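> If you scroll down you'll find the structure; I have some questions about it.
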């Protein structure tokens, strides 16, 4: 079914067409019609399935023309807030609606000016939004549509309490659109509190890996891990690759080594300044950088089209993060490859990931990096400390203190 059959107005369809969109994705097909009707919606879908357009298009149509600030969209990170703001500006280019955004990491001046001039849709991170509310530069008493986006990520970064305070400030007689990649029990409880008789939509299993992603693991000794990474990048015919590190320090270290090998590298993690993050994302999207080294800040929500490969330099701490990380590739009907580098110490984490996704991940090898056989176990009948015992060693007696 094309977008033209979903009930979208001509000026909204013009914005969709100008963005080069083809047919709607499953989440857009199922979420746009009830959202246009004014129904509350709670939707879960894998990362990269088009959730932004699923809420952006109906809300722009329902707002229709410029007026007060009538729509609030909450996002967990400044990167997502900027990304959604940009998408809304593109979709609304044939309307007179004004889009604004408030988020941390930058000064307040430009944000205050935009709010004073008036916006119809405000995209915000909870912390900065509460700052503006306390300063009196933002009021929520005219909000007609509230969008809670990437709610599971919102909980991950500790925004549950601010989110509840913000929701409580919005009018009760509103439409609420609730989007999340996963719906664990605590998120379901929040949805029950914030929404009224919602239409429930689930697209794809929240634990499944996108069908267009081929993924596998390479076992390697820790000391040879970077050499394997270099060899992989040399073997792969990649357009662009994201390399995930567990830590910010690790990401900087990997990037430094890759640059020394003449790779063009961007770095994205929480210790980077706002300008550095913007430059890294824009440079990676434009092709200035062929590789981005990142922590899990880039695993969810950030829309980077055309990523051909994902490499987990460090296996993720949580199984859910594996799905989100490798979901950065295989997007927009394009295939992608994702590889994870592991050592013996990672076997338990790998088993947990396989249980979570319900499938065995393919084991791969690269010539010159074949895994060494595990050391032979110590026979059970070998007495412990046998050498010391032969020398007449006596076990130390355990002392007990008498309680009075």
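> Is it possible to state the helix-based mean residue ellipticity at 222 nm for the chain, with each DSSP H run of 4+ residues giving -39500 (n - 2.57), the sum divided by total residues, to the nearest 500 deg cm²/dmol? What is it?
The helix contribution divided over the chain gives -11000 deg cm²/dmol.
> Taking the chain as a Gaussian network, where each spring joins two C-alpha atoms under 10 Å apart, which residue of 58, 162, 185 fluctuates the most?
Among 58, 162, 185, the largest mean-square fluctuation in the Gaussian network model of the chain belongs to 185.
> If you stretched the chain out fully between residue 286 and residue 212, how much longer would it get, using 0.36 nm times the residue separation minus the C-alpha to C-alpha distance? Could the numbers behind the result be given before it?
Working: separation 74, 0.36 × 74 = 26.64 nm, distance 2.33 nm.
Difference between extended and current length: 24.3 nm.
> While we're on this one: GNM on the chain, C-alpha springs below 10 Å: top fluctuator among 211, 44, 240?
211
> Using Cβ counts within 10 Å as a stand-in for footprinting exposure, how do 40, 189, 131 rank, fewest first?
In increasing order of surrounding Cβ atoms, one gets 189, 131, 40.
> Here's a follow-up. First measure r as the distance between the Cβ atoms of residue 1 and residue 96, then evaluate 1/(1 + (r/R0)^6) with R0 = 22 Å and state the FRET efficiency to the nearest 0.05.
Efficiency, from the Cβ-Cβ distance: 0.15.
> Next question. So for 354, 345, fewest C-beta neighbours within 10 Å to most, what's the order?
Numbers: 354 15, 345 9.
By the 10 Å Cβ count, ascending: 345, 354.
> If you don't mind, another one. Which residue fluctuates the most in the chain, going by a Gaussian network model with Cα springs under 10 Å, if the choices are 294, 260, 142?
The residue that fluctuates most here is 260.
> Any idea what angle helix 26-36 forms with the longest principal axis of the chain, computed on alpha-carbon atoms, 0 to 90 degrees, nearest 10?
40 degrees
> If you average 1/r over all unlike Cα pairs in region 213-364 and invert the result, what Kirkwood radius do you get in angstrom? If you can, show how the numbers build up before the last one.
Values: mean 1/r = 0.0649 Å⁻¹.
Computed over Cα pairs of region 213-364, the Kirkwood hydrodynamic radius comes out at 15.4 Å.
> Next up: Could you work out the per residue convex hull volume over the alpha carbons of region 3-203, in cubic angstrom?
With only Cα atoms used, region 3-203 gives 108 Å³ per residue.
> Over all pairs of distinct alpha carbons, what does the Kirkwood formula give as the hydrodynamic radius of the chain, in Å?
Kirkwood radius, the chain: 23.5 Å.
> While we're on this one: Place a point 7 Å from the Cα of residue 64 along the Cα-to-Cβ direction; which residues of region 5-30 have their backbone N under 18 Å from it?
Counting only backbone N, you get 7-13.
> Using 0.36 nm per residue, how much length does the chain from residue 227 to residue 366 gain when fully extended, once their Cα-Cα distance is taken away?
Net length gain for the segment: 48.9 nm.
> Treat the count of other C-beta atoms within 10 Å as a stand-in for reagent exposure and order 343, 180 from fewest to most.
Ascending Cβ contact count within 10 Å gives the list 343, 180.
Just so you know, all these numbers are worked out from the coordinates, no wet-lab data involved. This one's a predicted model, so the numbers in the text were calculated from it and none came from an experiment. A quick note on method: Cβ atoms are made from the backbone with ideal geometry, for glycine too, and the neighbour counts reach across all protein chains shown.
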